[in-house]
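Readers should treat all values here as calculations from the given coordinates under stated rules, not as data from a laboratory. All values reported here derive from a predicted model rather than from experimental measurement. Cβ sites come from the backbone with ideal geometry, for glycine too, and all protein chains shown count toward neighbours.
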Amino acid sequence: MVDWKRLLEEDARERAKGGDEGDDWRQESADSLCELYYETYRTQKGRGKRLDLRPGSDYRRFLDSHMKPLGKYGVWEALFPNRVSATSAQAIDEALHLLADTKLVDRVYSGDIVTVTKIVSNIQKKRGKYLELEGKAVVVDGEEIDEADEIVLDLEGDGEEEA
């Protein structure tokens, strides 16, 4: 008979070692992004339409060799800085394009760590807009403002601010 209590305790210990328990949304988004990335690759190669999720399949080998190492360099945290960036279809699509356009997966696989670090820092800057959606401080023209503050524009360009 299965000792469920022991299994649940072991699972809780593993989650505690792994970090924040509320980070499941990031892992789910990363898994979805991996599937989309792999399906795009398969479509380009003209292979079958069904994704084989069985252990030892080509997809599982691809995850272990190409996608899992991305976590070592903070790629998932850069692509999904908060829950909004992980739940929006547009944000996930943008993350997919960032992975593809920068060839980040290939660079991590080949060991080009210097370029990977630069790309990850640029992705963090680009994806910072999702942090702004939570009402955190935003830097505008070198001044830190809160999203709740009124932004005053000089529409006529005469030095006088318009409300």
| query | Percent relative contact order of segment 4-134, based on C-alpha pairs within less than 8 angstrom and at least six residues apart? | reply | 27
| query | Rounded to the nearest 0.05, what FRET efficiency do residue 35 and residue 129 have when you use their Cβ-Cβ distance and R0 = 25 Å? | reply | 0.50
| Stretchable slack from residue 117 to residue 25, in nm (0.36 nm times residue separation minus alpha-carbon distance) | 30.7 nm
| remark: If the chain between residue 6 and residue 57 were fully extended at 0.36 nm per residue, the gain over the current Cα-Cα distance would be 15.3 nm
| query | Taking the Cβ-Cβ separation of residue 45 and residue 93 as r and a Förster radius of 22 Å, what is the calculated FRET efficiency to the nearest 0.05? | reply | 0.55
| request: Quickly work out the residue 110-to-residue 83 label distance, labels modelled 7 Å from Cα along the C-beta direction, and quote it in nm with one decimal. | output: 4.0
